[in-house]
Structures are given as C-alpha cells and as structure tokens.
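Right, one structure below, let's go through it.
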Amino acid sequence: MVVFEKPKALTDKVFHYCPGCTHGIIHRLVAEVIDELGIEGQTIGVAPVGCAVLAYDYFACDMIEAAHGRAPAIATGVKRSMPDKVVFTYQGDGDLASIGMCETVSTAARGENVTIIFVNNAIYGMTGGQMAPTSLIGQVTQTSPYGRDPKTQGYPIRVCELLATLDAPQYLERVTVNNVKNVRNAKKAIKKAFQNQIEGKGFSLVEVVSACPTNWGMTPQKALEWIDEKMLPQYPLGCYRDKDQEV
Amino acid sequence: MAKLTFKEELCKGCGLCVNACPKGLLALAQGRLNQKGHTPVELTRPEECVGCASCAIMCPDCVITVER
Amino acid sequence: MQEKTLMKGNEAIAEAAILAGCRHYFGYPITPQTEVAAYMAKKMPKIGGTFLQAESEIAAINMVYGVASTGKLAMTSSSSPGIALKAEGISYLAGADLPALIVNVQRGGPGLGGIQPSQSDYFLATRGPGHGDFHVLVLAPASVQEMADLTGKAFELAMKYRMPAMLLADGTMGQMMEPVVLPEPKEPAAQSPAWAAVGTECKRFHNVVNSLYLDPLTLEHTNFERFERYAAVERDETMWEEFLMEDAEICVVSCGITARVSRNAIVEARKRGIKVGMIRPITLWPFPKKPLQAAAEKVKSFLCVELNMGQMKEDVELAIRCKKPVDLCCRVGGMIPSPDEVLAKIIKANEQGG
C-alpha cells in the first residue's frame, strides 16, 4: 500500500527550485491539502513574483500569475467573481510584506474570504539574494553587505503580529518546515486555512518560515538549523489569531 | 515490510532526507550522478526501512514514494 | 420614441456598464470621476453585483484583473493621476490578453495638476499606458449619449479581441448633464470563455492566466500574435465622424469636448464662406488614419483642437505623412478654448491657404 507519494494537485513539471529549497515542501503541503479536501477542480491559485513565480506551472488547479505584490487584490477579484470557488495566493516576503504590503493589510482588514500562504525566508531569492523586509538584523545580503543595520535599513517586519492588530482576520498562524514534526504542523495549519475559506469564515494566512540555502550561503541542512537558531527567535511559531478559539 | 521508490531524476542531492531518516538509512550515492548532474540519494539498508516516510516528508522535490 | 433620461456623463457610464452586463466595479475616489463610483456603490449591491472601494488605484486594477481572469466583465474608473498608477495593471492585462474597461475622466497635469478638464493623457492612452509593447482600445466620447454608447462598445470590443479598453473622456464629459437614450439591458454571459480560470472541475488541464514567458522566442511569438489581432482591430473597428467634409479646404481634427467647441466654430466659419469641416476621431486607438489620408489629398491644411500641447497633432501628422501643414489650437491646465478662439485659428488657416 502506498503511504506517501506526490500529490495529484501537483503537475508533472519538475520544480526549478535550488537543491534543499523548502518551497518544494510547501508546494507539496498545499497540494496535499487540496487533494485531501477534494477541491482541485474548484480551486484557483494566484502565483507571486519571486522564486515561486512559476508556481502556476506546478499546481494542477487553474492558476493566475500576479504582478509583484498584487496577488491579494487579484484573489479578491477572483473571489468576488466566483464566491463558491476556493482561492489562494502563494507569496514570498518581498512580494507580500514589501511591495504588496498595502494589498496584504487591506485584504486582511476586509476579512476577504481567501487563503494566503506566505513564505518567509528573509531574503529576495529570485533576484539573487537582496535584503527583504523580513531580513534579520545583521543579516548579510547583496544589498546589506555589511549586515542589516537598523539605523539605516530598519527592522524586520513580523507579518502575523502586524495582521493580528486587525479585527477581521479569521486565522493567522506561523509555522516552519525545518523538521518532520514542524512539516506536519505546517500542513495542519495550511489545511485549516483552506477549510476556513470553504466554511466561509474569512481571511486566513499561514506564514511559513522557510530556508534559502543558496542565498543564505549554507548547506541545506545548515539552513534548516539556522531557522531554529536565528529565524525563530525573531519569528516565533504559533497561532496569532484563531477566531474559532475565541469565546 | 516497507518499500521506497526513488524518482532519481528529480533528486537534487540536497540531503534533507538523509538527515531526516531516524535510522540513518539514506546516503548520497558514491561516484554517480543523475542526468541533471546531481548526486542522487540511495537507501543503504533497505531491509531495515520501516516506511515511516520521514525522508519523503522532508524531500522538497517529491522524489520518494513510500509503500508499506 | 425612446425614453430619454437626463444624466451626468459619469452616471451614464456607470448605468451603461451595468446595462452592458458588467457586475464588477472596483474604484478609488478621485475628482472628476467619483460619481461613477458613487453610482456603482448605490446600484451594484441591489443587482447582486460587486462594488468595492479598493485601497489604491493599483489594487483596483488588479481586482479587475482577477475578475477578468474568470472571463467576466469588470471595470474601474479614475482620473489622470490614478490612471498612471493603474499603468502596471493595464500592462499585465494586455500581457495576459484579458478584457477589461478602464475609464479615464481626464484632468490637467502633470503631477497633481488640477481638477479641471483636460485631454493631456492622449499619449498615455494611445501609446500604451504601461510598460511593454501593447495597445489598449481608446474610445473618446463627445456627448453624454456617447459616454453611454461607447461604454457598451468598449466592453464588446474588449471581450471580442481579449484586450483592455479605455474610455478616454475629459472632465467636461464626466460632469455635464444631457439627455440620454440608454441602451437595452444585456444579461451577464452565462458561460465562461474556455481560457478563463474558473476551476478545472477536474475535467481539463489547468488554465493559466499569465504574461510571463521566459523563453524569448515564445514571448516574441505572443507579441507577434497580439499585433496580428491589433491589425484586425485597426482594419475593422476604427470609428470616426465627419462633419461638412465634402467640400472642405480646411480639416479640423478634434475629439471630446473640443470637437463640440470646434463644431460651433465651423458653423460660424461656414457662415463667413470658409470651407471648413471636421474629422472627429471616436477611436483614438485605432486612430482613423484612412479618412485623414483621404482628406490630405483634398484639403489645404489641418487644424488640431486639443486640451493638451498637441499630442494628437503628432498622430495627424503621422497619418498624413506631413503632406499638409497641421496647425494647433490648444488650451491646457483645465482651460477650454472658446469657439471664437477656434474660429480665429480657422480664419488664419484660410488666409494662409495651406
């Protein structure tokens, strides 16, 4: 009996991601959730600009490619057009928290009934490793070659905490995928974020703290350890909003 | 009795599965490359694998199918 | 006789869009087009449509992109500075071959400019409002009736050719009130087009709405294919109106509010025995090159009357290959030339004789 295989909601296209890039794990988790909920035929995904720009080739559901940062606005249009369909965006940190922050906050503030998968790896990967809004203090990138200096480059943005100041969001959770247990938890959160939408509960966002071995300049294994050592102290895992749990 | 199948051509040799295996049964192949030029992963002692799927869960490239 | 309704130009656009079957409007307040949004805010919820005041012009155009991706009619409206913000989204719409309507009720610029009428976005509209090689359909109404009629026409052409359309009105058109015969209502299309991202229902391979082509040869092909469609649009959809052109020796070229001012000036000039007529482009892209070329064989000179520093004049000169002199009568910054100012230019052109 097959106990683990590639989910059906992924196409046969080979991921273009670098060796050890956790985008592949997160893609698979989203696809597993789509399979388990039996919603592939009713789902419309919105791909970002960034490393995951080609996500539209990988997910087997209908897909729309967005301009940089605009995925939540496009998802809003799709959902308003087809309220019975499941609409998700898949976005990186530059896309969601820098150029697209206005769309992110406003979509969350409206409580738009969509699901957002937010991949935070603290760097711009596709363009070759520049500073992201979520880059850590002291983090060396191509555009912070002496380490991110808060005096001139500001502080990293915690998206879940920021969105948790809003009334509307239904569900905000930060997870990571740096070990088997955490991958399992990440999947649970992603599944909940999709289920919320199906049940009409409103805006759900799962932030996945992710690794970029190539641009962090580490082996894939070391990058996963770096998540524990450096990323999670800045970005603590946990649920920042779950209206189901509120009395 | 568990069986692992590797879609070797998808493997990028990142080794995340190697570290994920609780029994240390996986290793990158010695002196062998796949078509893409990556060192693919191999199961060293198949008889000891219990099919926990930890390797497959950590694989970013859907290389591994697990049967039990 | 059909019933006439007295309406503001901006309201006529909104009502005509609804009658054309549009049920999705996304906008952001900006003078002088805010009445479109206000009208939609009142009407859409009552007919099961969407009115959404977006967080920005950029978000609004991307919401339009989202609805357009599902194969439905969607629109946004704004005025000049807001249209500049939408440029990114318009380019993506063009690149993904999506239909949509963008209404631009122009005001004076550049920068924040002013809030009085202008036609200074002529280049922005006709040269492609965004990065890359593309066109949008550009329709220029000259009456409240045309605000309504061309709104429906813009949707029809946008859907037929899978490209964005811009209704390029000036602030006067948006704010003036005139009697209108509203078009017959059309229901929103029941079926989505084959290319739309509406869910596969697990019955087909996934549709991808996209403008990214990393392979240069493929990207070149999509550009070539798009321009073949543009050629068909130029061939079949160019619209213009001729006024007293049969024996004209001077050809006025003007659109929108200045065409109306020019018309009065032409009538006055005719009384004085000056043989002057007008070609009024209704589509600015595609531009009515053929009637202008034909006119260039007959007339002595052209006179462009515009609310900008001569942007359309360049198109006229290109169309007639500079065969005849082209003069300019313009006011900018929210000013509008009076019929007397236009008449003076016509008299001058008549004296010079080309």
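Any read-out appearing in this document is the output of simple, stated calculations on the displayed coordinates, not a laboratory observation. No experiment lies behind these values; they were computed from the predicted model shown. When we count neighbours, we look across all protein chains shown, and the Cβ atoms used for this are built from the backbone with ideal geometry, even at glycine.
How tilted is helix A:71-81 with respect to the longest principal axis of chain A? Cα atoms for both, answer in degrees (0 to 90, nearest 10).
That works out to roughly 10 degrees.
Which of rounded, prolate or oblate describes segment C:1-139 when judged by the alpha-carbon gyration tensor and an a/c cut-off of 1.5?
oblate
Need one word for segment A:1-111: rounded, prolate or oblate. Basis is the Cα gyration tensor (sqrt eigenvalues a ≥ b ≥ c); a/c below 1.5 gives rounded, then a/b vs b/c decides.
Here segment A:1-111 falls in the oblate category.
Convert each backbone phi in segment B:26-35 into a coupling constant with the Karplus relation 6.51 cos²θ - 1.76 cosθ + 1.60 (shift: θ = phi - 60°), then list the ³J(HN,Hα) values in order as whole Hz, x for Gly and Pro.
9, 8, 6, 4, 8, x, 8, 10, 8, 4
Can you run phi through the Karplus equation (6.51, -1.76, 1.60; θ = phi - 60°) for segment A:222-229 and list ³J(HN,Hα) in whole Hz, with x for Gly and Pro?
Ordered by residue, 3J(HN,Hα) equals 4, 4, 5, 5, 4, 4, 4, 6 Hz.
Net charge around residue A:164, counting only other residues with Cβ within less than 14 Å of its Cβ (Lys, Arg = +1; Asp, Glu = -1)?
Combined, the nearby Lys, Arg, Asp and Glu give -2.
Return the calculated 222 nm mean residue ellipticity for chain C, to the nearest 500 deg cm²/dmol, obtained by summing -39500 (n - 2.57) across DSSP H runs with n ≥ 4 and dividing by the residue count.
Rounded to the nearest 500, the figure is -13000 deg cm²/dmol.
Of all beta bridges DSSP finds with both residues in chain A, what is the antiparallel percent, to the nearest 5?
Taking every DSSP beta bridge with both residues in chain A, the antiparallel ones total about 25 percent.
Out of the GluC sites (Glu not before Pro) in segment C:242-328, which ones are loop residues according to DSSP with at most 16 other C-beta atoms within 10 Å?
Filter output for segment C:242-328: C:246, C:249.
Count charges around residue A:235 for me, please; just the other residues with Cβ under 14 Å from its Cβ, Lys/Arg as +1, Asp/Glu as -1.
Charge balance in the 14 Å sphere: -3.
Whole-Hz ³J(HN,Hα) for each residue in segment A:107-124, computed from phi via Karplus 6.51 cos²θ - 1.76 cosθ + 1.60 with θ = phi - 60°, x for glycine and proline: what do you get?
5, 5, 5, 6, x, 3, 7, 9, 10, 10, 9, 10, 9, 10, 10, 6, 6, 8
With only Lys, Arg, Asp and Glu charged, each at its Cβ (+1 for the first two, -1 for the last two), find how big the charge dipole of the protein assembly as shown is about the Cα centre; round to the nearest 20 debye.
Dipole of the protein assembly as shown, to the nearest 20 debye: 160 debye.
Given points 7 Å out from each Cα along the Cα-Cβ axis, report the residue C:202 to residue C:127 separation in nanometres with one decimal.
5.3 nm
Would you please name the GluC sites (Glu not before Pro) within segment A:140-247 that are DSSP coil residues with at most 15 other C-beta atoms within 10 Å of their C-beta?
A:199, A:246
Cα-based Rg of chain A per 2.2 N^0.38 Å, rounded to two decimals?
Here the answer is 0.94, to two decimals.
Out of residues 5 or more away from residue C:100 or on other chains, whose amide H comes under 5 Å of its own, with H placed 1.01 Å from N in the peptide plane?
Residues meeting the amide H criterion: C:163, C:165.
Within segment C:194-276, list the trypsin sites (Lys or Arg not before Pro) lying in a DSSP loop whose Cβ has at most 13 other Cβ atoms in a 10 Å radius.
Hits after loop and neighbour filter: C:203, C:204, C:272.
Take every residue in peptide A:2-12, count the Cβ atoms of other chains within 10 Å of its Cβ, and give the average of those counts.
Whole-number average of other-chain Cβ neighbours for A:2-12 is 5.
In peptide A:17-25, how many Cβ atoms from other protein chains are near each Cβ within 10 Å, on average?
For peptide A:17-25, the averaged partner shielding equals 6.
Out of residues 5 or more away from residue A:125 or on other chains, whose amide H comes under 5 Å of its own, with H placed 1.01 Å from N in the peptide plane?
Under 5 Å from the amide H of residue A:125 lie the amide H atoms of A:51, each far enough along the sequence or on another chain.
Rounded to the nearest 5, what is the percent of antiparallel bridges among the DSSP beta bridges in the protein assembly as shown?
Looking only at bridges with both residues in the protein assembly as shown, the antiparallel portion is about 30 percent.
Please work out whether segment B:3-67 counts as rounded, prolate or oblate from its C-alpha gyration tensor, where a ≥ b ≥ c are the square roots of the eigenvalues and a/c under 1.5 means rounded, while otherwise a/b larger than b/c means prolate and anything else oblate?
It is prolate, given that a/c is not under 1.5 and a/b is the larger ratio.
Skipping prolines and chain starts, which residues have an amide H placed within reach, meaning under 5 Å, of the one on residue C:186, given they are 5 or more residues away or on another chain?
Result for residue C:186 returns C:20, C:21.
Hey, if you put +1 on the Cβ of every Lys and Arg and -1 on every Asp and Glu Cβ in the protein assembly as shown, which of A:89, C:82, A:134 ends up farthest toward the positive end of that dipole?
Farthest towards the positive end: A:134.
Take every DSSP beta bridge with both residues inside chain C and express the antiparallel ones as a percent of the total, to the nearest 5.
Here the share of antiparallel DSSP bridges comes out near 25 percent.
How crowded by other chains is B:45-56, given as the mean number of beta carbons from other chains within 10 Å of each beta carbon?
The per-residue average across the peptide is 2.
Find out how many positive minus negative residues lie around residue C:133, taking Lys and Arg as positive, Asp and Glu as negative, among other residues whose Cβ is under 14 Å from that of residue C:133.
After counting each charged neighbour, the total is -1.
Are any of the pairs A:13/A:230; A:13/B:7; A:79/A:192 more than 22 Å apart by Cα-Cα distance, and if so, which?
In this structure, A:13/A:230 lie more than 22 Å apart at Cα.
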